[in-house]
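Have a look at the structure below before the remarks.
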Amino acid sequence: MTADQKNIIKSTVPVLKENGVLLTDHFYKRMFVHNPELKNIFNMSNQQNSRQQTALAMAILAYAENIENPAVLMPAVNGIGQKHVSLDIRPEHYIIVGKHLIVSIGEVLGEAATPEILDAWEVAYNQLAQIMSGHEHKLYSEKVNTKGGWIGWKPFVVKEKIVESSEITSFHLYPADQGPLADFIPGQYLSVRLFIPELNLLQPRQYSISNAPNGSYYRISVKKETAANLNPDGLISNRLHDFVHVGDILEVTAPAGSFMLANNNDHPVVFISGGVGQTPLISMLEELIKSGSKKPVTWIHGCRDKNVHAFKETIEYWSGQKQAVKKHIFYDQVDQESAGETLYQGWVDLNVLGDELLKLDTEYYICGPGPFITKHYKELVAKGIRAEAIHFEEFGPQTLHLN
């Protein structure tokens, strides 16, 4: 890019701050009209709730603000790249996206979109596409060069379907070709693709792997949605619960994700989860136990009540073993049957647990709804914990930018 083009991109930052979501909403609608086949790749639920439009608007804004040094965006590029690889996004998709994005800028800005602005953004987008597709090429290469690794969609057999609570059911997935299973780092996820008759579309969704690597199978643990009017996310999760049985085949992409356990030191670890957000953390905890780690571990989890509390017995077993996992469980509702247990009533509140969790070398892993993550992240930072020591996973498009 020329210096003049970079200055033009920076001059559009105020417009992006003001109208970024308007632009990306227009872009997605336009793209799906002209390229409806891409509806089979994109999560249409995130189109309805505007999370995808918001995430893209934030990404474009961050790129414009850092056009002089895009390298500072590499952590975000890696997170997005991991998601793209899990969805089997390829270079040809960037060409389609670029065409509709540039046209959308012209259509949304109208006369304000001068030829110079459109030219500058076309060059800027092509630069970003090269950065993204180049990084994703490396990720694809890593997968095909890993024992048992693959790219694209691969058939897996559901060999076990286990009810973990009134809401959460686990699926044990084995390679249909009976070949080796690619390893993964605890915290990563799989993409699963189903055909949804109600939408007449294939729809992919990401589910955290909820077991430690074992060389035989992946486990995903899926929450069933009970709302009267389900969004497409609920349609897919519920279809797994209601229509997928032992012996069925699911299409799956290789493990991906940048939310990963750091197991190369002896620092204390605190896991903080809300609801089904515990699934990647269960994988991390199991890995620590299997590896014989000496890390002091604290498990903090919150959910509505004992009926929806998945993996309750597993955590109780691990907390009673020599690994001495300390557990703190919060229920919104504590009934008489649960009253004798060591429980806290209400939402997860780190303040009631004292300052023993606030050691300088402690690593924190948080997973749950966006507001849950934000609350505990800000509380930890306010208590003097370094942002670099706080790791979190937001299910869905990346809209949280906390560190």
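Just a few scattered comments:
- Computed label-point distance, nm, for sites Y174 and F195 using a 7 Å Cα→Cβ extension: 2.6
- Between helix 279-290 and the chain: long-axis angle, C-alpha atoms, 0 to 90°, nearest 10: 50
- For segment 259-316 versus segment 55-70, the gap between their alpha-carbon centres in whole angstrom: 34
- The chain: angle of helix 13-34 to the longest principal axis, Cα-based, in degrees nearest 10: 90
- Residue list for segment 269-304, given a label point 7 angstrom along the Cα-to-Cβ vector of T226 and an amide N cut-off under 12 Å: 304
- Cα gyration tensor of segment 3-144 - equivalent ellipsoid semi-axes, whole Å, descending: 23, 19, 13
- Cα lying deepest toward the dipole's positive end in segment 191-321, options T279, I236, N264, charges on Cβ: N264
- Against the chain, whose longest principal axis comes from its Cα atoms, helix 91-109 is set at around 60 degrees.
- GluC sites (Glu not before Pro) lying in DSSP loop within segment 19-107, provided at most 16 other Cβ fall within 10 Å: E68
- Computed from the Kirkwood radius of its Cα pairs, the Stokes-Einstein diffusion coefficient for the chain at 20 °C and 1.002 mPa s stands at 94 µm²/s.
- Taking Cβ atoms as reference points and 14 Å as the exclusive limit, the residues near N214 contribute a net charge of -1, counting Lys and Arg as +1 and Asp and Glu as -1.
- Under 14 Å from K83, Cα to Cα: aspartates and glutamates that are on another chain or at least 8 residues apart: E136, E393, E394
- Assuming charge only on the beta carbon of Lys and Arg (+1) and of Asp and Glu (-1), the dipole of segment 154-252 about its Cα centre is about 80 debye to the nearest 20.
- Extents of segment 2-85, largest first, come to 38, 26, 21 Å (Cα atoms, principal axes, whole angstrom).
- Coordinate range of the alpha-carbon atoms in segment 184-314 per principal axis, descending: 50, 33, 25 Å.
- What you get for the chain, charging only the Cβ of Lys and Arg (+1) and of Asp and Glu (-1), is a dipole of about 520 debye around the Cα centre.
- Treating each Cα of segment 154-252 as an identical point scatterer and summing with the Debye formula, the log10 of I(q)/I(0) at q = 0.12, 0.22 Å⁻¹ comes to -0.37, -1.22.
- With R₀ set to 45 Å, the beta-carbon distance separating K383 from K17 gives a calculated FRET efficiency near 0.90.
- An oblate overall shape is assigned to segment 250-330, the ratio a/c of its alpha-carbon gyration tensor axes (a ≥ b ≥ c) being 1.5 or greater and a/b not exceeding b/c.
- Shape of segment 269-393, Cα gyration tensor, a/c cut at 1.5: oblate
- Förster radius 22 Å - calculated FRET efficiency between N40 and A62 (Cβ-Cβ, nearest 0.05): 0.20
- Considering helices alone, the calculated mean residue ellipticity of the chain at 222 nm is -12500 deg cm²/dmol, with DSSP H runs of length four and up weighted by -39500 (n - 2.57) and normalised per residue.
- Linear extension gain, A112 paired with N78, 0.36 nm per residue minus alpha-carbon span: 8.9 nm
- Counting DSSP beta bridges with both ends in the chain, the antiparallel % (nearest 5): 55
- Segment 77-134 and segment 158-227 have Cα centres lying 31 Å from one another.
- Length available on full extension from D332 to H245: 0.36 nm per residue minus the Cα-Cα distance, which gives 28.1 nm.
- Annotation for segment 108-203: trypsin sites (Lys or Arg not before Pro) lying in DSSP loop with at most 12 further Cβ atoms inside 10 Å of their Cβ are K147.
- Label positions at S216 and I96, each projected 7 Å from the Cα along the C-beta direction, are separated by 4.0 nm.
Quick note: the coordinates plus some simple rules give every number you see, no bench work behind them. Because the structure is a prediction, the values reported are computed rather than measured. Please note: Cβ atoms are built from the backbone with ideal geometry, for glycine as well, and neighbour counts cover all protein chains shown.
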